[in-house]
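Okay, structure first, notes after.
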Amino acid sequence: MKPAQDRTEYEPCGRNTSLSVRQPSSSLAMARTRIPVFCGVALLVLLAGLVSVHAADWSFDPVINTGVELTDNVFSLGSSNATGSFDPEDTSYFLSVGLVWTAETPRSLFSFSYTPFVERYADFSSLDNTAHRVALTWHYQTSSRIDWDAGARWSRQQRQRVVFDDPAQDQVVLPQTEFDSLGAQLQGRFVLSERSRIVALAGLGGSSYAENEIPGEDLDGDGTIDIPGVFLEDTDNLFAQVGWETDLSPRSVAGISTYVSRIDEGRRGEYDVYRLLGVLQWGTEERVMTTFTLGGATTSVRRLADGADEALVDEPSFMVGTLGVEGTIFARTSLRGGVFRDVMSSGGTTGTALSTGAFVSMSIPVGRWSTVGLFARYANRDPVDAELAALETDTTALRAEWALAISSRWYLVLAGERFDQSSAQATLDGEYNVLSAGLRWTPTAARR
């Protein structure tokens, strides 16, 4: 069992090696720590993979997607320019390349992935988007009693979109905004007896923006801002967890863990969060694995949000937990899904928030030549600081795609997306629908 693998604090979280002067001093100090630690973990994972090269079984699995999209609201959020209809000028063209290298030895597993994405609009070049995502992971079995996992992730994008295949990404979706993120994590498992283990992990993350504000909008040209802007904050998160687990049976595990995080959202304040969680896991990796956690979380203010009234600041406690399911059902249908409720970082948009949400992804074979993919995400983010309640957001995103094999390596892919985000802040309020058609190429498929 691997507790806390999908923690938001470990999502790809923040670059900003210079971290602008608008950062509070504590954030600057954390940022100076975040960058070298991230680089150190990434270098450790990379070197570990290279050391294994001579004895490893290597595999390379590229996937290339290209196509055209048509949206009914090209500006997505908070803009008076929203069209509300599918027009030819709202067409965009995209190219996505997924490159994954893995190396496996009897005692280790190394993986490196790089996913660049390019999107260009026919008539709205200001909305063009170039994104990059990099991830490294390493598993090493030191002995029969000790094993280690390490990972580092970084991403950069010019405009935020919902990422359906990564439930750790649960940030508020923004209009055209350059955004960077990074994260690093180290985990160890130590066997105490034939049936029990200690699991410990620690990590950090952060996020940063090229601009410090999404500007407001003057709708009638009278010089008055009718839609207020939203300021953005570079963030830093630290977290650590220690847990004990024991086998109840060959297919079930129970345990208890304590999980601590520090969430710094700049001008929106800084919180420490302490959790005590019970863990229950059952099933098999070959079929379906279910993980359930439940416990309590208490918050402690380290620094107030700018302008906050100390007399009005509360340090609430919450019931938190997760339920996750992953595996194969109905013989061939792959499923990954879950629900969660926890105190998390908003990525610098709404302040530390109690986040409640759900996600699901399914891949369903239809006949011999086609596959249907279904994806859904929902999240409600309610700021812990009552004075930031106006920034509460609800986000719902749905996607369905049909992939038809036209050869052993080529697929025709037709897809539709629906996105809806509601907030009292008009700049964060909006919706759009997307229709797309394209081709998918898997050049190594025939050799698998």
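Every read-out reported here was derived from the displayed coordinates using simple, explicitly stated rules and does not represent laboratory data. Every value quoted in this text rests on a predicted model; they were computed, and no experiment measured them. Positions of Cβ are generated from backbone atoms using ideal geometry, with glycine treated the same way; all protein chains shown enter the neighbour counts.
Between ASP61 and ARG336, the simple label model (points 7 Å from Cα in the Cβ direction) yields a spacing of 1.1 nm. Rounded to the nearest 0.05, the FRET efficiency derived from the C-beta distance between ASP128 and GLU213 at R0 = 22 Å is 0.55. Residue exposure proxy: HIS132, HIS139, ordered by other Cβ atoms within 10 angstrom of their Cβ from fewest to most, comes out as HIS132, HIS139.
At full extension, VAL68 and SER370 could sit 106.7 nm farther apart than now, given 0.36 nm per residue minus the alpha carbon distance. With R₀ fixed at 41 Å, the C-beta to C-beta distance from ALA424 to ALA240 puts the FRET efficiency at about 0.75.
Panel order for VAL172, VAL339, by other beta carbons found within 10 Å of each beta carbon, from fewest to most: VAL339, VAL172.
Backbone N atoms of the range 100-129 closer than 19 Å to the 7 Å Cα→Cβ label point of TYR93 belong to residues 116-129. Put a dot 7 Å past the Cα of THR105, heading toward its Cβ, do the same for ALA389, and the two dots end up 5.8 nm apart. Between MET319 and GLU286, the FRET efficiency estimated from the beta carbon spacing at R0 = 25 angstrom works out to 0.15.
Over the range 390-437, the fraction of Cα-Cα pairs per 5 Å bin, rounded to whole percents and listed from the shortest bin up, is 5, 18, 20, 13, 13, 10, 8, 6, 5, 2, 0. Between LEU276 and SER407, the modelled label-to-label distance comes to 6.2 nm, taking each label 7 Å out from Cα in the direction of the beta carbon. Across the range 382-403, the residues whose backbone nitrogen lies under 13 Å from the label position 7 Å along the beta-carbon direction of GLU431 are 395-398.
Close amide H partners of GLN160, meaning residues 5 or more places away or on another chain with modelled amide H under 5 Å apart, are LEU174, THR177.
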